[in-house]
Amino acid sequence: FEVSTPLRHGRCQGATWHIVPHAIIITTIILGLLNHQRLTHALLTFSSSAVPIFARARQPTVASFTLQSPITLRTNALRQHRGDYTTPNNLGFKPQEVVPLPAISQSSMSPSDQKGGSWYIPTAIGVLVPLSWVAALVAHRLLSCRRTSYFTMLPTTGVFEDIVFPLKLNGSLVLGSSSPRRQELLSVLGLPFTCRTSDTDEFAPEHLGDVDTVLHVAKQKAIALLPTLQLGEVLLTSDTEVWMHGQRFGKPQDQAEAVQMIQRLSGGTHSVITAIWATDGTQWHSAYHRTQVSLAELPLPIIEHYVQTYQPLDKAGGYGVQEWIGHMAVRKLEGSFDNVKGLPMLEVVQVLRPWLARLGDIA
């Protein structure tokens, strides 16, 4: 299918030049990018006959836009020669016939058309065409890359609605972690709990994003402890990771790796993501929290002193926000401080909500 529009020296010529031809072309390009094949073909069929009606010019230079599958945009200058319009063979293209545009007499032209067309029409075209391409690329990106999370989240609104205070759990709470920081934070809820751990690796498929990676690892910890779960017990597991520029920072293997991690995080902003899972073996509920942390530029001697003094080998990213580096080097923190420490408390209540006593349960 071919759409022809008159151009002359980069400006629109004609007695009555409408926005319709370019609107058709722009819409066709967008539909083609979004793979709407039926609509694209229908619009091309319409435009091949409609555009010559809207665009009239004298001695025009015709710009030919040919869209193929897969979408290919080919622009070729066709000049009038001996009364017909053909593509010269020396350009390497297959000759194509184009319907000549009807000639317009000088008397039928408006003064602005005789001078070369209205200035605001080419200006509008010059603005709309780039904007349409940007909109098409953004829409294509969103439609092709949009992906719902692999995990189902509970709503974050109304976490404390109808909840009895002090908190009461219908069952026994089991924390699947030996971290003293998580035990300290969980005790804030006032719920009695026991700790239970198992040896699990922190492997996650490479195709997962940052949030889904942390959720995957936290769920694997729960699955590993599931055989030990007794009737009436509610298991709570979590995982905290540091991410920066798409790179995952787990727990360092030794002091040298901890120094390297802090060096890469120094002077920049990274994300600390904690994912939480709660299950009784039948119900599964999850939540996560992301905190943005900006660190000051730290010299190597200070980093080495911190690592040797505090031994942060059990912490994601090689540092603990509650330690010296958190007090001296954190320049900005957006989100929950407890999340960086290891357990965001609002999200804990969120995942435990199905087992918490409600006001309606009280007789």
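Between TRP324 and GLU304, the simple label model (points 7 Å from Cα in the Cβ direction) yields a spacing of 1.4 nm. 3J(HN,Hα) along segment 277-287: 10, 10, 7, 10, x, 10, 8, 10, 9, 9, 7 Hz, from the Karplus curve 6.51 cos²θ - 1.76 cosθ + 1.60 with θ = phi - 60°, whole Hz, x for Gly and Pro.
Placing a label point 7 Å from the Cα of GLN292 along the Cα-to-Cβ direction, the residues of segment 322-351 with a backbone N closer than 13 Å are 332-336. 3J(HN,Hα) along segment 337-345: 5, 4, 5, 5, 6, x, 7, x, 6 Hz, from the Karplus curve 6.51 cos²θ - 1.76 cosθ + 1.60 with θ = phi - 60°, whole Hz, x for Gly and Pro. Calculated accessible area for segment 159-355 comes out at 46 Å² per residue, all protein chains present (probe 1.4 Å; ligands, DNA, RNA ignored). A DSSP coil position with no more than 11 other Cβ atoms inside 10 Å describes the following GluC sites (Glu not before Pro) in segment 171-208: GLU206. Loop-located GluC sites (Glu not before Pro) across segment 257-306 with a Cβ neighbour count of 11 or fewer within 10 Å are GLU297, with loop assigned by DSSP. Just the protein heavy atoms count here, and of the accessible area of segment 159-355 at 1.4 Å, carbon and sulfur take up 51 percent. The slack between ASP254 and CYS195, meaning 0.36 nm per residue of separation minus the straight C-alpha distance, is 18.6 nm.
From the mean inverse distance of alpha carbon pairs (Kirkwood) and the Cα radius of gyration, derive Rg over Rh for segment 159-355. Here Rg/Rh amounts to 0.98. Under 5 Å between amide hydrogens, built in the peptide plane, is the criterion, and for VAL234 it picks out SER172, LEU173, VAL174 among residues at least 5 positions away or on other chains. For PHE337, the accessible surface of its heavy atoms amounts to roughly 90 Å² (probe 1.4 Å, protein chains only, rounded to the nearest 10). The Cα trace of segment 289-330 gives Rg and Dmax of 10.3, 32 Å, the first to one decimal, the second as a whole number.
The values are calculated or read from the model by the stated rules, or taken from the named source; none is laboratory data. Predicted model, so just to flag it, every value in this text is computed and none were measured. Neighbour counts are summed over all protein chains in view; Cβ atoms, including those assigned to glycine, are modelled from backbone coordinates with ideal geometry. The area values use the complete protein model at the heavy-atom level, side chains included, leaving out ligands, DNA and RNA. Shrake-Rupley method; radii C 1.70, N 1.55, O 1.52, S 1.80 Å.
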